[in-house]
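Enquirer: The structure's right below; bear with me while I get my questions together.
Every read-out reported here was derived from the displayed coordinates using simple, explicitly stated rules and does not represent laboratory data. Keep in mind the model is a prediction, meaning the values are calculated, not measured. A quick note on method: Cβ atoms are made from the backbone with ideal geometry, for glycine too, and the neighbour counts reach across all protein chains shown.
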Amino acid sequence: LTDINCTLNYTDSEGDTGTIYFEWFKNGISLATGNETAVSNGSLASDALNSTYFVKGDNITCQVYSIDGYEQESALENSTEKAILNTAPVINTTPVNITVNANGSYWEYDYDAIDPDVSDGIDVLSWTDNTTLFDINSSTGVISDNPSEFEAGYYAVLITVSDGEDNNTYMLNYTITDIGAPSVIINSPAVNHYGLSNISISLNISDGFGVDSCWYSLDDWATNTSFNCSVISLNLSEGNYTLLVGANDTSGGINSSESLLFWIDLASPSISFSCNSDRVYLKETLTCTCLATDNISPSENITLSYEPNPSTDTLGDKIASCTATDLAGNTNSSTYAYRVLYKVTGGGGGGGSVSGANKQIVWQSADSRIFLEVNLNKSISGASIIFNESQDPPYTSSPGVVYQYFSVKKVKFENEQIENATLRFRVENLWLRKNNLSGVYLAHYSQGQWVPLETVKANSSLEFTEYLAYLDSFSDFAIVGEKLPLCIESDKRCVPEGIEVCRNSYWFFLEKCENGCDAEAKSCIELFGEVEEVCSEGQEKCLEGWVYSCQQNGWFESMYCPLGCDEAGIGCRQPEVEGVVAERELHPYAYLGILVILILTAALFLRSKLVSKGTAALKPKHLEYRGGVDVETLVKNEENLFDEVEGEIKSVEGVIQDVESQISKRKSNTKKNPRELENKTRYL
């Protein structure tokens, strides 16, 4: 604040010199006095009030009167009341523009200001700004920042200082320069092995100044491909790849240093699994070894899951398995079949008994075709079984096509003491084929009739098929064959007259079709208005391995083709090489049909040989010399005849062995839909 002056113009009508008296008032209260003497007529007179007497907000008034030496002025003169006003502070810092790099480094700048009336002790200066980038120290005026890349850019910052009533401002030009490149993070995959050709790689690419574009390369930047900076979609063949990713921001920063090594592994590991024996006695140790290799993943990265020593705690046929899994999740499994045997010391030979040791009784035939294990719920002294085999039925009634009859009798124990009993038996596959059987079940004789027991297929080989049945009592038993059904229950087919349905394994006429039968829908064709021509009479086509012919405006099965139907020539395909079975995936029943045809052909051929050649050789003795043939020649002819017959039989046996080998070879590879299997069964 500055001093206040009170000034007036002195006049006297008589021209006398006078004295001027001043009195100062603050807020109506007398504060100070002063005077000026010898003031000439027509001259100015003044008095000053020191600024220490007042502060902003006070109201100051100056009152004056004069004396000319003779008399005092009759009236006092008051000046206009004046209020002491506030003076705004002033920023006195040299103007500056600030530019820094967006690298997180710390910097600060100090602003200064002066307040003309700060000496009154009332004013307190306060600093503010209009940005969120940093906060100015409200007391000192110091600003500071450590800018990041996300804050890069230009900012106009208004700096303000205030004394509470008035303020002063300053515009700061603040520039944060982006000197970095975009951030590239590859989020997936968690593992770098893929089991698919089509893969997606997820990325997180960001930049404080703004991402401009992204690209990738799989050939060390020889070529590159743009993408949406979020997901890379690839369709690749099997192999290992190095993915390079690049991105730039709007300020020109580039990051092309991110990479990912990954593998496309589509093939399952190759696996080798074997055990030291396929037959082991109860409780003995069986040792198995599993090895696996992979064309992509190293062998040490393949996970093997198997039991090196499979269980031999229970009797019967077992399956050990090993599964190999590579880093891409591809798996492959291999199995090894083994049998756990009991060291039998008695029985066999078509009959016998075995005494129980502890709580277990075991019987096994000499040729291992039948095996019986009985577990009792408690140890019984002298407990045993008597097992007798027979080819003749024990009763007049027969359950069907019987492979074997046998009886089991218990000694010194009852049915209630049987905890469980397992019967395992095997039959020759040749017997099954000879009798046109689809399977086997075990039947036991109860209350005057043969009752089927639940029987499951346990294992099969080229020669035998093994079955398993569980017993809760003992009596007379029979191993019975099941006939192949002619059709599948409730299935339908088209015939020239209409539709047939399968019931109890046989075809029955269901419905007559006036307008023909739809072979695909297995239903009669319904006509509305003009009759629609489905096919031309006599026309043929291929469908599901059959040749269909058109009859009465409908398609009907005409011929089944074991090797498939030739659509070009509308007929059954023939073997590729004459005399050799074509390399096609045929159902085993097709080979069975071929086998039956060969056997019948051989039989007819041999019969014709016997009739033609044997008649002369077997003539009565009194006819021997009519043809001029003596006895020695006749005997020689007989020997030659039987040698020739024996050779024919061996040829047929060789054909049978070849066909059986083909059947076994095809069983594991044959994959047909149920409809086609049914068609083949029906055809055979």
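Enquirer: Mind running the shape call on the stretch 172-319? Use the C-alpha gyration tensor, a ≥ b ≥ c as the square roots of the eigenvalues: rounded below 1.5 for a/c, prolate if a/b tops b/c, oblate otherwise.
Expert: Details: a/c = 5.09, a/b = 3.47, b/c = 1.47.
Prolate, since a/c reaches 1.5 and a/b exceeds b/c.
Enquirer: Also: Residue by residue through the stretch 77-86, which ³J(HN,Hα) values in whole Hz follow from phi under the Karplus form 6.51 cos²θ - 1.76 cosθ + 1.60 (θ = phi - 60°), with glycine and proline marked x?
Expert: Result, ordered by residue: 10, 9, 7, 5, 5, 10, 9, 7, 8, 7 Hz.
Enquirer: Amide H of residue 475: which non-local residues (sequence gap of 5 or more, or other chain) have their own amide H closer than 5 Å, using H built in the peptide plane?
Expert: 408
Enquirer: Order these by the 10 Å Cβ neighbour count, fewest first: 559, 171. Mind dumping the intermediate values first?
Expert: On the way: 559 13, 171 10.
Taking fewest neighbouring Cβ atoms as first place, the list is 171, 559.
Enquirer: Among 247-253, 489-495, how do they line up from the highest to the lowest mean number of other beta-carbon atoms within 10 Å?
Expert: Working: 247-253: 18.4, 489-495: 16.1.
For the peptides 247-253, 489-495, the packing ranking is 247-253, 489-495.
Enquirer: Using amide H atoms built in the peptide plane, which far-off residues or other-chain residues are under 5 Å from residue 482 H to H?
Expert: HN-HN under 5 Å from residue 482: 438, 439, 440, 441.
Enquirer: Ranked from highest to lowest mean number of other Cβ atoms within 10 Å per residue, what is the order of the peptides 99-106, 49-56?
Expert: On the way: 99-106: 13.6, 49-56: 15.6.
Order by mean packing, descending: 49-56, 99-106.
Enquirer: Here is a follow-up. Rank-order 398-410, 322-334 by packing density, defined as the average count of other C-beta atoms within 10 Å over each peptide's residues, highest first.
Expert: Details: 398-410: 17.8, 322-334: 19.5.
Top of the packing list down: 322-334, 398-410.
Enquirer: Rounded to the nearest 0.05, what FRET efficiency is calculated for residue 165 and residue 14 with R0 set to 41 Å and r the Cβ-Cβ distance? Each step should come with its number before you reach the end.
Expert: Numbers: r = 51 Å, r/R0 = 1.24.
Taking R0 as 41 Å, the efficiency between residue 165 and residue 14 is 0.20.
Enquirer: While we're looking at this one, here's another question. Could you tell me the center-to-center distance, by alpha carbons, between the stretch 452-517 and the stretch 13-55 in angstrom?
Expert: When both Cα centres are located, 140 Å separates them.
Enquirer: Follow-up. Apply the Karplus parameterisation 6.51 cos²θ - 1.76 cosθ + 1.60, with θ equal to phi minus 60°, to every residue of the stretch 48-60 and state each ³J(HN,Hα) to the nearest whole Hz, in sequence, with x for glycine and proline.
Expert: Karplus values, whole Hz, x for Gly and Pro: 10, 9, 4, 5, 6, 7, 8, 9, 5, x, 6, 10, 10.
Enquirer: Hey, what does the equivalent ellipsoid look like for the stretch 183-264, semi-axes from the Cα gyration tensor as sqrt of 5 times each eigenvalue, largest first, whole Å?
Expert: Semi-axis lengths for the stretch 183-264 are 23, 13, 10 Å.
Enquirer: Same structure again: Taking Cα centroids, how far is the stretch 431-447 from the stretch 177-223 in Å?
Expert: Rounded to whole Å, the Cα centres lie 68 Å apart.
Enquirer: Let me know the whole percent of all Cα-Cα pairs from the stretch 352-469 that are separated by more than 26 Å. Working shown, then result.
Expert: Values: 1650 of 6903 pairs.
Cα-Cα pairs in the stretch 352-469 separated by more than 26 Å: 24 percent.
Enquirer: Using amide H atoms built 1.01 Å from N in the peptide plane, name the residues 5+ places from residue 113, or on other chains, whose amide H lies under 5 Å from its own.
Expert: Amide H to amide H, under 5 Å and 5 or more residues apart or across chains, residue 113 pairs with 92.
Enquirer: Right, something else. Work from the charge dipole of the stretch 270-341 (Cβ charges, +1 for Lys and Arg, -1 for Asp and Glu, about the Cα centre) and give the residue of 277, 324, 306 farthest towards its positive end.
Expert: Towards the positive end, the residue furthest out is 277.
Enquirer: What percent of all Cα-Cα pairs in the stretch 270-341 falls in each 5 Å bin, counting up from 0?
Expert: All Cα pairs considered, the percentages come to 3, 18, 27, 18, 13, 10, 7, 3, 0.
Enquirer: Once label points are set 7 Å from the Cα along Cα→Cβ at both residue 204 and residue 76, what is their separation, rounded to one decimal in nm?
Expert: Each label point lies 7 Å from its Cα, and together they span 8.3 nm.
Enquirer: Which entries in 318/483; 283/359; 283/412; 283/457; 492/512; 318/409 show an alpha-carbon gap greater than 18 Å?
Expert: Values: 318/483 28 Å; 283/359 16 Å; 283/412 27 Å; 283/457 25 Å; 492/512 13 Å; 318/409 28 Å.
The pairs that break the limit, which is 18 Å between Cα atoms, are 318/483; 283/412; 283/457; 318/409.
Enquirer: Just subtract the alpha-carbon distance of residue 105 and residue 5 from 0.36 nm times their residue separation and send over the number in nm, one decimal. Mind showing how you got there, number by number?
Expert: Values: separation 100, 0.36 × 100 = 36.00 nm, distance 5.60 nm.
My answer for the length gained is 30.4 nm.
Enquirer: OK, next. Among 43, 70, 7, whose Cα projects farthest towards the positive end of the dipole of the stretch 4-83, with charges put on the beta-carbon of Lys, Arg (+1) and Asp, Glu (-1)?
Expert: 7
Enquirer: How large is the Rg to Rh ratio of the stretch 72-230 when both quantities use alpha carbon positions and Rh follows Kirkwood? Write down the numbers at each step before the final one.
Expert: Numbers: Rg = 29.2 Å, Rh = 21.1 Å.
When Rh is taken as the Kirkwood radius, the ratio is 1.38.
Enquirer: Taking the beta-carbon count within 10 Å as an exposure proxy, list 221, 363, 127 from fewest neighbours to most.
Expert: Numbers: 221 12, 363 24, 127 21.
Ranked by crowding around the Cβ, least crowded first: 221, 127, 363.
Enquirer: Same structure again: Each residue of the stretch 535-552 in turn: what ³J(HN,Hα) in whole Hz from Karplus with 6.51, -1.76, 1.60 and θ = phi - 60°, glycine and Pro shown as x?
Expert: The phi angles translate into 7, 8, 3, x, 5, 10, 8, 9, 7, 6, x, 10, 9, 9, 10, 8, 9, 6 Hz.
Enquirer: Any chance you could run the full-extension gain for residue 59 through residue 398? It's 0.36 nm times the residue separation minus the Cα-Cα distance, nm to one decimal. Walk me through the numbers on the way to the answer.
Expert: Details: separation 339, 0.36 × 339 = 122.04 nm, distance 13.88 nm.
Net length gain for the segment: 108.2 nm.
Enquirer: Sticking with this one: Counting Lys and Arg as +1 and Asp and Glu as -1, each charge on the Cβ, what is the dipole of the stretch 270-341 about the Cα centre in debye, to the nearest 20?
Expert: On the way: 4 positive and 8 negative charges, 52 e Å.
Charge dipole, the stretch 270-341, about its Cα centre: 260 debye, nearest 20.
Enquirer: Specify whether the C-alpha gyration tensor of the stretch 492-572 places it in the rounded, prolate or oblate class, a ≥ b ≥ c being the square roots of the eigenvalues: rounded for a/c under 1.5, otherwise prolate if a/b is larger than b/c and oblate if not.
Expert: Working: a/c = 2.64, a/b = 1.15, b/c = 2.30.
Oblate shape, in that a/c is at least 1.5 and b/c is the bigger or equal ratio.
Enquirer: Would you please state which residues of the stretch 261-287 a label at residue 303 would reach in this model, taking the label point 7 Å out along Cα→Cβ and a backbone N cut-off of under 15 Å?
Expert: 269
Enquirer: Using the 10 angstrom Cβ neighbour count as an exposure proxy, how do 134, 209 rank, fewest first? Don't jump to the answer; show the numbers that get you there.
Expert: On the way: 134 17, 209 23.
In increasing order of surrounding Cβ atoms, one gets 134, 209.
Enquirer: Could you calculate the FRET efficiency of residue 140 with residue 52 from 1/(1 + (r/R0)^6), where r is the beta carbon distance between them and R0 is 30 Å, rounded to 0.05?
Expert: Efficiency for this residue pair is about 0.55.
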